[in-house]
Structures are given as C-alpha cells and as structure tokens.
Amino acid sequence: MEQFGIWLAALLTIGIISFLYKDNILYKACEAIFVGVSAGYWFVTYFWDNLYRKFYLGIQGAELSDQIFLWMAVALGVMMLTRLFDKIGWLSRWPLAFIIGATAGLYMMTYFVSNAFVQIGATITPPPSMETIGDKISFVLIAIGTFCGLIYFFFSKEHKGAFGGAAKVGIWFLMVTFGASFGYTVMSRMSLMLGRFDFLFGEWLGLIK
Amino acid sequence: MRIASFGIFILLVFGCGLTALAQDDPIDMVESEIVLPAPASKVIALNHKYDIGEILDVSWESSTSDPELVFGYIIYRSEGDNKFDSVGAVLSKINSFSDEELIPGKSYNYQIGTIGASGVALSEPSEPAIPDWELFNLEMWNIALIGFIICGAVIAYIFSAKAGRKLFIRKIGGLEALEEAVGRATEMGRPILFIPGIQDMDDVQTLAAITILGKVARVVADYDSKIMMPVSRSLVMTSARETIKEAYLSAGRPDAYSDDMAYYVTDEQFGYVAAVNGLMVREKPATCLYLGAFFAESLILSETGNSIGAIQIAGTARPGQLPFFVAACDYTLIGEELFAASAYLSGDPKQLGSLKGQDLGKVVAMVAIVLGTLAATLASAWDIEIMQKFLDNVMLGIFSNH
Amino acid sequence: MKRTVPLLITGIVGTVLIVSVLIPPAQSLGEDFSLFFDIIAVFAFFLGGGNLFRIHLKKVFHRKEDYGFSIVTLVGFLVTLTIGLFKIGNPEGISGSITAAGSGLQTIFVSIITPLSSTMYALLAFYVASASYRAFRAKNREATILLVSAFVILLGRTPLGMMLTGWIPEQFSIFQIPNLAVWIMNSANLAGQRSILIGVGLGVVAMSLRLILGMDRTYLGSDK
Amino acid sequence: MKRTELVVSSLIVVALMICKFLLPKPLLFSPLVSTIVTILIGCAFLVIFILTVKGKPIERRIVFLVVGIALVFPFFMKVELPIRISPEVQQVYDKMSSLPAGSKVLAAFDYDPPSAPELQPMADAFMKYAFEHDFKVIMMGLWPQGPQQANQSVEAAWAYNPQWMPDSADEKVYGVDYVNLGFQSGNEFVILRMGESFKSMFPADLYYTAYDSVPLLKNIHNFSNIDWGVNFSAGKPGTVEWVQIAVDRHNLPMSAGNTAVQAPMAYPYLNAGQLIGLMGGMAGAAEFEKLTGHTGKAITFLLSQTYAHVAVILFILIGNVAFFLNKKEKK
C-alpha cells in the first residue's frame, strides 16, 4: 500500500514536471485529477466548516437574535441560488450587493488605516538609533524615496519638468524595491524543486542515500 | 484590538491554570513556616475606554518581592459583596489586567493575590468601579479627521465634475494598451484570457478586477472578440457573469453573451494554476490579463503566457509579486493604478473626479512626510527641542494608529 | 426595483461598516460579516461546483475533444465528495474532524493533492531561471536599477557575496555585498514599498467610495 | 501523438526504469565522472553564451533542462565542498557537545514540507547526535506539520543506526528517551503558557498518552527543567517568538536553525547573545552535519543548490553580456 502511494505520487510529480517540455497526456490527466479532487475537497471543507460548524452548530442553543442573524445569512445564500431560475434570477444580486458593499466598506477603513496611515507614520518616525550619519542618511533617503514614489503615482499632472524628474526618481525607487524582492525570493525557489527531486530520485528510485 | 482581546483571552486561560494552582495550595500554605511574599499595593480599577461597557482595566503596584519570590498574580473580583472570586492571573513582572465580559453599569471591586512558593498574599481591595460604554471612539479622532478630509475631497471632486468642470488626468500606459490588446486579439481571431486573481469577493483587489472586467468586457463585446475567464471562487464566477452580461447588453449584443465565458475551476491555488496553464497552451489566447490578488502563481502564469506569445497586462497591489509581473509582462499596473483603472477606463468625468480626490490624499501624505522628516532631522541634528515637540505631539499624534 | 434595491444595499451596508470602526458598540460588525460571507460562499459553491459538473458532463455527453479527461475530473470530484461528506474511513466517525489522521479525505489530501500542488509550486524554480535569462536585461536605466538591486540582494544571500567582496577592509564594510544587501532591504526598498502601500490605501478609499456611492455598478448586471 | 513526443516520452520511461531497476543504489559518480559532468554543464553554458551573443537566444526548454541537470546531477556527485565552519554554527555545536548524557533537550519543529530541504538535514543531524549522546529529547511543533517532520528525523536516526529501532539491542524507547508532544495551535501563546506548565498546553502527547503517564515527562514542568532548546524554524511563529518568550522571560538556553530567507531576522538576537548559535539555510545545515560527523542530505543538497544558484546567476549574466555586445555592434 505504501509503495502504491509512492508510485502514485511519483507519477503525479512527473506528470506536472512534464508540462515544462510540452502539454501532454500525462499532464492533462494530472490536471483533470487535480481539478476534480481539489474542487471536491474544497466543497467538503466548505460544507463541514461553514455550513455545519458555523451555521448548524451555531444555531444550536443560541439566543434568538443570534439565530435570526444566522438564518439571515442562509437566506442571502439561498437568494444566491435564484440565479438558476430565469424569472427571479435578479434576486441573486442582493447577496452580491451585500458582499460588495460590505467588502468595500470594511476594507476601505482597514486599508486606509493600515496602509496609508500607518505607513505615513512609520516614515516620519525616526528609527530608535539615529546615532551614526549612516542612520540619518537612511532616514532621509527613505522619506525622499517615498515622496518621489507618491509623485510617480500622481494622476492629475503630466510627468514633465521638475515634477517629471521627481516622478522618475520615484520609479527608480520602485525598481530597487522590485529588484530587491526578486533577488530575495529567487534563491529560496530553488530549494522547492530540490524537495521534489529528492522525492523522485531518493524515495522513489532509491538512488540517493 | 483583536490582538489585545486575544492576549486577554490567553491570560484568562492562564489564570485558570494559576488559579487551580492557588486553590491546590492552601494546605501547604498553612503548614509551611516560610513567609509569604509581600502583597501588591495600590490596586486600581478603571473603566476601559471606548468599548461596549464590558471591560474594566485593573492595575496595581508590583509586590516588593517581585520577581525573585513571585510567580505571578491572581486577580480576584467581587460584585460589591466582599465575596471575592478569582477571574484571572498574570505572570510576575506584569502589573495590569483587563477583566472582560462584565455587565455594563454594575459595580465591581478587585483584590490582587501575589503568588509565592509558599502561598498567596492578598492586597487591599480596590475602590469600586463601573464599566461604562461610549458611543464614539474619540481615540480615533485623527483617523476620522484625515479620513473625512480625503473622502470629502473625493466626493467634492466628483460633484465638481458632475457640474461640468473639466478635469485633467494624465495618460496611464498600461491602461492605454488595454484596448489595443483587445483589438489585437480580434485581429488574430484568438480569445482574451482574464484572470481576476485567486482570492474571493471579500478581497478589494478582486473587487477592482471585477470593476475593470466591466470595461474590458464592453470593449470585447464591441470588437466581437471572445473572452475566457476561468476563476477560482464561485462567488467571483457569479459576479463576473453579471458583469460580462451587462457589458454585452449595453453594447447591444445580448445574443452574443454566454454563461460559459466565466466558469469556476477549483478553489485550490495550484490546481487552478494547473488548469489555467493547460488552457493557455491549448487555446493560445492572444491577450492575457492578470488583475487582482496574486501569490506564487504570478510568475508561473506570466511565463506560460510569455511562451505562447500573448500580450500580457498585469496588475496587483502585492509588492512581493510585482517584480515577477514587471519582468514577464508587457505592462504592469502597480498598486494604486489597479484601483484607479476602472475609473480611468470608464472615461466618465464623475469617476475621474474620484481620482483627483485620491491625488489630494497623496498631497496630504507628502506634506506630512516633508514636515515630519524635516522636524525629525532638525531635532536630531541640531537638538532643536521645539521641533522634537512638534514631531512627537503634532505629527506623530496625528499619524498614529491607536 | 431590480437595480435600486441592490444599490441601496451596497450603499447602506458599506456606509455602516465604514462608520462602525469609530463606534465601539458596532465594532464587531466586521467579524459578523466574515461569518455571513462564509455561509453565503457555501451556497455560491452550489453554483460554481454545479457549473463545473455541468461543463464536464456536457463534454462527455457530446463526446467533445479530450472528453476522457472530463470523465477523470468528474470521477475525482464525486469520489472526493462522497468520501468527504460521509467521512468514509474516518477513525472518529461522522462527528470526527474532517482532517483526522487516517481518514479517507486526509489520505486523498496527502497522497494526491500534496504531491500535485507542491510540484506545481516547485515549477517556479524553472520559471525563475527562464525569466532571469530572458527578461532581466539592462535595457534602459530603470531596468538597470532593477537588475543591479536584484543582483546585490541575490549575491548577498549566497556565500558567493562574501567570497567576492570579503577582502574589503572593515571601515568600508558597508560595501561588502551582504551588508549592502541588508542596507538596500532596509532603506531604498522600504521607500518603494511604502509609496506603493500608501498609494494602494488611497486607491482603495476612492474605489470603495465609487462602489458605495453607486457610480461603478456594472457588477449589478442589467435591468432586464 | 507526434513522433518526437513519442520518442522523448519513451526515452524518459526507459531512463527512469533503468534508474529504478538496474542502477546500483545508492548511485555515486566517481570523481572523474563528476568532473566531466561539471565540465559538460560548463560547456553547455558556453554554447548558450555563444548562441545568445549571435542573436539566437536559446529556447526556454533548454533553460529548464540545464536547471534540471544542475539540480539533479550533484545528488550523485561525491565532491568535497570546502565547507568553512562559521562561528554561529560552531556555537550551536559547542553548546550541544557541552551537554552531559541524560540532558533534557526541547526540540521545536516549526516548519512544513516545502521548507524541509533546508531544515530537515539540520533536524536529522541533531537527532542522530542526540541519540548517540543519550540526550532525552522532547519534540513539539507550533506548525501543524511540525510533529510529522519530527518523526521523520527520528526515522532518519533509525536508518543511520538500526540498533536504535524498537526491539533492537540499543533501543531508544519512546516515552523514555524521546517523546513527541505534537502540535498545538496558538502560536506564541503556546510558548507563553509552556513557561508556566508544559502540561497545560500538551495534556497528552501525539499518540494520546496522558502527559503524566509519559516517564520522560515526569519531572518536566516548564522551561526550568530543560537543559537546552533548539528550534527549527521557517517563519512565524518561530525563532523570534521563542527568543522573546522562552529565552527572554524564562532564560532557556536556546539555539536555532532557520531557512535562508528567515535567517537575517534572527541575526539581531544572535548578536545580542539571546541565541546560542544559528544555522542558516542549506549552508548552515551542511556545516552542522560536518561538525556532528553525520553527513546527510544537506551536504548533497548544498551542492545542488549551489549549482542551481550559479546557473541562475550565469543566465542573468549571459543575457546581459550578450545584450551589451550586440548593442555595441549596432553602434
């Protein structure tokens, strides 16, 4: 049984890697299995985690107001299903409108506070050690970079003249950022594949000690 | 807030353990000859600000034996009848505790037990305190103020555009290229692939993707091209269908619309990627659009798209994935541009007005950065005290998150 | 009716949630929403999963190209659903946790989903290499900056960085590649990150307002 | 299916079957073959370089192939990489080797399979050393998959010395010589509560044996009963949390092994003396293996990883040099 598991995993691993050469039967089969099985798996988690645990167990012995609250969610969910019927299909827009409104409202504040607000605060907060001249330069440099970066994102003015120059500096800072995150992740990606090859050549083929 | 309440929860759980310990010990306490640790002093209970009246903050002055002889403190609560029950415990060196889930308006007082090796030493009880609730969180005045300014600016610009004032918005390369990319797909007779990220509708980046989809689908309908939109969340599929359908209707071609344009694949991140990769090499779309929330799949998708020679336009707000898109795609919408895209593409003056409001927000940010940095630099380079005060009290007072 | 009600719902719900941040008694609304969302998502899956089922069934029925793979997908889907919903092979029975060790669903996850998804993820190793070869060229000033910064960080995180610049004397140690990499991460990189984050914060505010005010309403479909 | 496709796939199947059933196991190249392979890879890069300069950039599949070869072939090479022991890894070893037999060691496995190539070798070498020197090992995980990774390292130790397996001469008895407490959710709060009592967080071990029934755990109440802690970490919760709570509040002597990505975040704690040594990434693992004398996968992996890293760097360089040469010519 264990050998079967290893052979199956090996076959699936090779199937995915084979896509690098070109699309082929084995890859298509792996893709079909992957889609079918994982969609099923996700529905099972949705069902037991959300519908059973959060709703069904949630209404057991709950106060009336909580019960009504949970039933409302189910009502919205059922409205979602009205799409299946042409005549009342428009009802499904209500839950959709609800979700979009709530997401927009909720995340507007979250993003505003944790992205805009906190980052501005962090930029003007001097680091705990402002001892060396290097620290001071870094502090000012970060401020200049952030400032120019914001100019780059400005929509209501053409990037010309001094303004354009600042925007250009802004792009440079963005490029440093992109380069840094690229360089930062590249190397760690290599060890991912090492793990898979170790499985294939070690655990499956037994070639590695 | 959430972290705080979680921490408190853990301390409560902690407390149960410690309390059990304390309750097991009394016999030892009586029998042993060893002296108890010095009790804690100055126990004060205060109403917790800006909650719904269920929390009291208890604080005390640590025992003089802390930390050598002290394991921790037990918090006892009484409802005014001098019957004290333990409600929690904290480790040594800590001298405050938040008592949650109280009844608003009721009066409580507290007593602190200092736990030593030989037993528990009790403090004097505190003065009674009443948990109270507040309607507005005044601590967040700064967020409300700046938020009000920026939202106000957005709305004001929208109205001024409505009134007919001309607003200038510069050209954004990636978005100008969008229509061209759709046109190219039509010429080549090949489909357009639209990937709205892998998150559900409760992510703002997905919302942005759906609003852009409305504009893209309109162009697709006008050009009579074909759009393919595999998605990884069912709700996104539903919203995408509504959006595409509306675009086809407003283009006057409802007959050309089909529900099969947007379809669900699987929620599983890499299962979805595997399917999209397969779709790309088989259907060979001429244009690939990746707009929304992306993770590790950004490079897998855009490299595959590159191998089939598609024009690729990407956009995401996640800084970690942007470099991969920048490297492999023809155009990349960086962060803010993703959210501005639908307003820009609509060409509707009112929506463009909102972009102006956004710019005002940037001005606020830039002014704050200049003032703050200047103050900090002056303060540290020449020890100018007034600058330090200005920085600490005004700038950091405004831009701090409570 | 068909469009006004949804528009009102978006507007009211959005406004309430924005204001709720400032009002302590309403602060738990955000968490309540995520509960709501989770439950609605289950029902949405009936549409999504149902659609998946329908598409593949149609392919098989009409004997379209590659319909064999659709059979595989359908079988995989149904088998997993059956095993998961009835908790087949679960040592703790129907009330046990779905991921209990030894349950059928856990076996499927470990022996099928894990190798597939970790291999798919690992393909990145190859794509990173091909992107490096093809796209990372110093075509212009911007690309050069990106390249240099990437290269410094990349070398700084491998022993090569120290090997190449270890000879630089102590007082200029900032120019040793590993130190330079740390400095870039903590200064210039931070500036770029911050301008993106601040921009995103403001962008979300404007987009949310457009949605809440009902200016951007394509997602609501048409009146018909 | 096209002809070439058929040929390629059958070739691969044949090659794999040869690997599976015919080749000696484990497969090791002689130094000569290793050198030849390395030279061939070098030649491949030279060819790629010439082609690129000529304006005929190679196909991506060749890039994939080269990376694949650079990753796989070093598995079978027996090249002695000059491994210089860095002071931070030496510190870990010094601490570990100063412990007497019977010392109680807490090993926290805070990672999952994707990070295993880097961290598992450290854990394996640690476990072998611990069994060899009769440490009492208490394993646990703040990441759900951590305990499984812990068991893998025990199995690695068994493979190294079968005498340690159950029912063997020198058996390491579960519950007496080592125990796996399993996973507990709650991130840093788990550590916080363990400071008071391990039992409160782990009422039973991974196999549902009550805490008090495990002989090894009889006299272990909290960190004060532990002689040394070691943490294998791939992110949060991980080394930072352990240092902040277990080390700073409860004075647990602690060392750590981190992934390469994670390691820079732990350096400040190392410099401040809160951590006794740090193993960073594959290189750190290889050094640790060398010190303990239990050469395992890290040294093999390190070679693969180095080859792959060099390959990526060469690809970037080739692309750029060719680009510049071409630009000059045009001028």
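Computed quantities for the displayed model
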| item | result |
| --- | --- |
| Likely footprinting exposure, C:Leu35, C:Leu190, B:Leu291, fewest C-beta neighbours within 10 Å first | C:Leu35, C:Leu190, B:Leu291 |
| Rg/Rg_ref, the protein assembly as shown, where Rg_ref = 2.2 N^0.38 Å and atoms are Cα | 0.97 |
| Counting all C-alpha pairs of the range B:154-263, share separated by more than 19 Å (%) | 52 |
| Average Cα contact separation per residue, the range A:132-209, under 8 Å, 6 or more apart, as relative contact order % | 21 |
| Ordering of A:145-156, B:204-215 by burial proxy (mean other Cβ atoms within 10 Å per residue, highest first) | B:204-215, A:145-156 |
| Rg/Rh ratio calculated on Cα atoms of chain B (Kirkwood radius) | 1.16 |
| Local electrostatic count at B:Ser234 - Lys and Arg +1, Asp and Glu -1, tallied over other residues with Cβ under 10 Å | -1 |
| Chain D: angle of helix D:116-132 to the longest principal axis, Cα-based, in degrees nearest 10 | 40 |
| Taking all pairs of distinct alpha-carbon atoms in the range D:136-249, Kirkwood radius in angstrom | 14.7 |
| Dipole of the protein assembly as shown, positive direction: furthest Cα of D:Val92, D:Gly235, C:Phe43, with charges on the beta-carbon | C:Phe43 |
| Above-threshold pairs, the threshold being 25 Å between Cα atoms, out of A:Lys28/C:Lys58; A:Lys168/D:Lys236; A:Lys22/D:Lys56; A:Lys160/C:Lys139; B:Lys162/B:Lys362 | A:Lys168/D:Lys236 |
| Average beta-carbon neighbours from other chains, 10 Å sphere, peptide A:51-58 | 3 |
| Square roots of five times the Cα gyration tensor eigenvalues for the range B:88-174, Å | 56, 19, 9 |
| Alpha-carbon radius of gyration plus Dmax, which is the widest Cα pair, for the range A:1-60 in Å | 17.2, 55 |
| Qualifying lysines (Cα of each under 22 Å from Cα of B:Lys389; at least 8 residues distant if same chain) | A:Lys136 |
| Neighbour-count ranking [beta-carbon atoms within 10 angstrom, fewest first] of B:Glu303, B:Glu101, D:Glu188 | B:Glu101, D:Glu188, B:Glu303 |
| Charged-residue dipole, Cβ positions (Lys, Arg, Asp, Glu), chain B about Cα centre, Debye nearest 20 | 2520 |
| Net charge, B:Glu283 excluded, C-beta distance under 10 Å - Lys, Arg +1, Asp, Glu -1 | +4 |
| Student exercise, the protein assembly as shown dipole from Lys, Arg, Asp, Glu Cβ charges, in Debye to nearest 20 | 6180 |
| Span from the the range B:337-402 Cα centroid across to the the range D:284-331 one, whole angstrom | 43 |
| Projected-area average for the range A:1-114 over all orientations - Cα convex hull basis, square nanometres | 13.9 |
| Those lysines that a straight Cα-Cα span of less than 21 Å connects to D:Lys290, excepting residues fewer than 8 apart in one chain | A:Lys209, D:Lys78, D:Lys95, D:Lys128 |
| Cβ charges +1 (Lys, Arg) and -1 (Asp, Glu), total dipole of the range D:87-295, debye | 380 |
| Per-residue average of Cβ from other chains inside 10 Å of A:131-140 | 3 |
| Distant alpha-carbon pairs in the range C:1-113 (separation over 20 angstrom), percent | 66 |
| Computed over chain A: relative contact order in percent, which uses C-alpha pairs under 8 Å that are six or more apart | 13 |
| Taking N as its residue count, the alpha carbon Rg of chain C over 2.2 N^0.38 Å | 1.57 |
| Taking B:Ser307, D:Ser304 and counting other C-beta atoms within 10 Å, the order from fewest to most | B:Ser307, D:Ser304 |
| Fraction of beta bridges assigned by DSSP in the protein assembly as shown that are antiparallel (%, nearest 5) | 40 |
| Between 0 and 90°, nearest 10: helix D:146-160 axis offset from chain D longest Cα axis | 80 |
| Semi-axis lengths (Å, descending) of the ellipsoid that matches the C-alpha gyration tensor of the range C:134-186 | 23, 11, 9 |
| Relative contact order for chain B, counting Cα pairs under 8 Å that sit 6 or more residues apart, in percent | 14 |
| Along each principal axis, Cα extent of the range A:67-125, largest first, Å | 58, 28, 10 |
| Antiparallel bridges, percent of DSSP beta bridges restricted to chain D (to nearest 5) | 5 |
| Global form of the range B:118-217, assessed from the alpha-carbon gyration tensor, a/c cut-off 1.5 | oblate |
| Chain D: Cα Rg divided by the 2.2 N^0.38 Å rule of thumb | 1.19 |
| Leading residue at positive end of dipole, the range A:1-127 (Cβ point charges), from A:Leu81, A:Gly61, A:Ser114 | A:Leu81 |
| Semi-axes of the equivalent ellipsoid for the range B:95-145, Cα gyration tensor, largest first, Å | 33, 15, 8 |
| For the range A:132-209, Kirkwood radius (reciprocal of mean inverse C-alpha pair distance, Å) | 16.0 |
| Lysines whose Cα lies under 29 Å from that of B:Lys83, excluding same-chain neighbours fewer than 8 positions away | B:Lys42, B:Lys49, B:Lys93, B:Lys106 |
| Distance between the range D:153-183 and the range D:185-258 - C-alpha centres, whole angstrom | 20 |
| Degrees between helix B:204-223 axis and first principal axis of chain B (Cα, 0 to 90, nearest 10) | 10 |
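Bear in mind that the values in this text are calculations on the coordinates, not laboratory data. What you are looking at is a predicted structure, and each value in this text was computed from that prediction instead of being measured. Neighbour counts run over all protein chains shown; Cβ positions are idealised from the backbone, glycine included.
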